Amino acid sequence: MPHRLLTATMPERFGGAIGRTYQESTPWWPAPVRPPASAPNVVIILFDDTGFAHFGCYGSTIDTPNINRLAAAGLRYTNFHTTALCSPTRASLLTGRNHHAAGMRAISNIDTGFPNMRGHVSNHAATLAEMLRDHGYATYAAGKWHLAPMNDCSAAGPHDQWPLARGFDRYYGFLQGETDQFYPELTHDNHPVEPPRGPEEGYHVTEDLVDRSIGFIRDLRSIRPDRPYFLYLAFGATHSPHQAPRAFIEKYRGRFDAGWDEVRERWFARQQELGILPPGTELAPPNPGVRPWAELSGPQQRFAIALQEAFAGFLDHTDHQIGRLLAFLEQMGDLDNTLVFLLSDNGASREGGPDGVMDEFRYFNRMPEDVEAIGGRLDEIGGPTSHPNYPWGWAQAGNTPLRWYKSYTHGGGVRDPLIVSWPRRIQEHGGIRHQFHHVTDIVPTVLEELGITPPATVRGYDQMPLHGTSLSYTFDAPAERTRKRVQYFEMGGHRGIWLDGWKAVTNHTPGGPYDDAEWELYHLDADFSESHNLAAEHPEKLRELVEAWWVEAGRFGVLPLDDRPTAQLFATPRRPGTPHAGMVYVYYPPVSHVPADAAPRLGLRPWTITAEIERPAAGGDGVLVARGSHNLGFSFYIKDGRLVFDYNVFATHYRAVSEIPLSAGHCRAGVHFAPTGNTAEITLLVNGAPAGRAHASQTVRILGSTGMDIGRDSLSPVTHDYHAPFPFEGLIHRVTFETQPAGRRAEQAQQAAEARAEAGRE
């Protein structure tokens, strides 16, 4: 009886022949997906909160020799624009789509329930990594991600919007919008990891990111040299905290003593000498709230100088690491055929306030720095015990010659440096390009140069068209008119539009009616710094641009406009599918590090922690729960047998200690935090009974960006009462957080403060 052969349905056509045995069959292998041998590597180097003037080749006196070298081998763009904020720019940079359409109106910590703000990049907008991987590229990401819902960025996931799920083969970096440079919250591929060493051993995350990037490429080149690669290297620099090895900061001692007014003038003059600015460009007038340097007191000047020195050291140190990467690429023989883009995600940050801060979260907690009292800590600025950000005056200098800052749709928020280098392709070295372009234009440029057609579907999702315009034509045509026709801007209600060389822009007051907006009009082709408002002279042109803005808003999903303060949007309604679906959180240690957005929501609300523990007969000390860092947070621990709760408010510690030691064996160790206005009562609990008290004369609503550990304090220690990580020596069965709604008066006061702050305080 003849055999009946059963064959499985195959997902792809088999090109060989199948008989009863292999001797009677013909094998076949599908051709590997491989780009042409001449295909370049692609490297995108992204800075954070770095202003138009900050690089040496864009005018500053900060040493950036390696960035300058990259510019000397390629092109500098002077009319390149971003979205004014980090996550939106990153979404546009990696997809080639406008940020609202891609679902990233603001930072990824927020999901407003509307399509333009889902906290992640739409699956209908594939990333460049997804597109290039399908064409045979190895794809690597290192550094800041900030493109996944931060509620989902714990070890529990879901991981569907993490880098590996959005096209990258390997990832090493931090998922949050910022991290401590000495004590970063790190993720390797899909799991959290601790830094390989501490700052006392010379660790800094920027060096680590470059080491990992080099490692990814070295592995590829050693084993699969036939594959080109795409590296997306997104530094924490120069976002706050401005931290760097001490030698890089010391290098700048005295270099900014003249103050921000004179430094800004110097940088403006250098920009003119370098040809970055067209002839006739004026220096925009000072932003509201920036005081003349001479009006600052001695302590204010010394504090501001130290903050700027830390920033400069941070940028210089990052440039040094870029030099290491470029040297490696050159050593591997890759640099000549690597298409490198180096840019910033938005303008310089105003989040240091008018005076600057030792810890950036003073700004977010609306607690101004006591500059007179900080004098004894100036040497700490830029080191592991600081989390600094500079004042408005230095941010204004970093955005020279432009107006306003990050998050605004004026030039200081959206006009940023862009360097493109590709020695094999770009013949003019050191050239300057003045065509108007936008961050959505990077992906179309890469695809055009590689001859790749944007896919119609990716992972089963129909794809929206690219919104950008390739800037490849500018490589060979320095004088050709821009091929871009129109580009809208919107951020937190601030709006703008560029159309054929003209720009209309308006600053929005949160809570105010949009129809009452006072629009400004600039002929950007003739007024680089937006210094001459022509709204009164050309009302028809202004009306044309404003109407065009509404058309673009409709096309790209900008609506609904949303001007709610960021902190208010963080507190989205408790909903299923997040860690914050209820008011009670229960943990079963050992538990991986919990990032801030996935940790219990505390702030200005009553809450209780209860840890069910077993203490050994000997020892039994250690951390039960720690949240935050050296400057801000709390630690709940046992030391010398006594229960301790340390509430750290910008290095002022409020500490409750139990009146008697804990006994060995099982017990329930608890703490109750009861805020009233700006103060709080802290009560320690042992088996439900009060065991110690403390009064906190100040409280914070945001406990910083560093997350939570259970059973240890793994990163920057919250208190110096122990040596981190100070792991608990006993057994923790479970830890329960019980939270309550914030009091109505506290909530109203908080919202009012946020509204005032979002209005600018300028």
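Some points to look at:
- Selected residue (only one of 151, 109 is part of a helix (DSSP H, G or I) and within 15 Å of residue 598 (Cβ to Cβ)): 151
- Among all residues of segment 220-227, there is none that is among the hydroxyl-bearing types (Ser, Thr, Tyr) and in contact with a Phe, Trp or Tyr (Cβ under 8 Å, 6 or more places away or on another chain).
- Residue in segment 312-323 that is over 16 Å from residue 400 (Cα atoms), in contact with an Asp or Glu (Cβ under 9 Å, 6 or more places away or on another chain), hydrophobic (A, V, I, L, M, F, W, C) and crowded, with 16+ Cβ neighbours inside 10 Å present: yes
- Of all residues in segment 70-118, those that are on the phi > 0 side of the Ramachandran plot and hydroxyl-bearing (Ser, Thr, Tyr) total 0.
- Pairs are defined by a Cβ separation below 6 Å, a sequence spacing of at least 6 or placement on different chains, a first member in segment 373-390 that is in a loop (DSSP other than H, G, I, E, B) and crowded, with 19+ Cβ neighbours inside 10 Å, and a second member that is polar (S, T, N, Q) and modelled with pLDDT of 95 or more; the pairs so defined are 382/243; 390/308.
- The set of residues in segment 103-147 that are more than 22 Å from residue 441 (Cβ to Cβ) and among the charged types (D, E, K, R) comprises 111, 118.
- Where a residue in segment 260-279 is closer than 16 Å to residue 308 by Cα and its partner, wherever it lies, is among the small types (Gly, Ala, Ser) and surrounded by fewer than 19 Cβ atoms within 10 Å (Cβ to Cβ), with Cβ under 9 Å and at least six apart: 261/294; 266/258
Residues checked against (1) within 20 Å of the chain's Cα centre (by Cα); (2) aliphatic (A, V, I, L, M):
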{"position": "97", "(1), (2)": "yes, no"}
{"position": "106", "(1), (2)": "yes, yes"}
{"position": "114", "(1), (2)": "no, no"}
{"position": "117", "(1), (2)": "yes, yes"}
{"position": "127", "(1), (2)": "yes, no"}
{"position": "140", "(1), (2)": "yes, no"}
{"position": "146", "(1), (2)": "yes, no"}
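- When residues of segment 528-572 are limited to those that are surrounded by fewer than 18 Cβ atoms within 10 Å (Cβ to Cβ) and polar (S, T, N, Q), the one farthest from residue 399 (Cα to Cα): 572
- Remark: residue 664 matches the filter, which requires a residue to be closer than 20 Å to residue 729 by Cβ and not basic (Lys, Arg).
- Single residue of 613, 609 found to be more than 22 Å from residue 716 (Cα to Cα) and either modelled with pLDDT of 95 or more or part of a strand (DSSP E or B) (or both): 613
- Residue pairs meeting the criteria (Cβ under 8 Å; at least 6 apart or on separate chains; first over 16 Å from residue 143 (Cβ atoms) and assigned by TED's automatic domain parsing to the domain that holds residue 382, in segment 316-337; second surrounded by fewer than 22 Cβ atoms within 10 Å (Cβ to Cβ) and of a type in the set (Asp, Glu)): 316/63
The values are calculated or read from the model by the stated rules, or taken from the named source; none is laboratory data. Everything numeric here is computed off the predicted structure, so don't read it as measured data. So basically every Cβ, Gly included, is an ideal-geometry build from the backbone, and we count neighbours across all protein chains shown.
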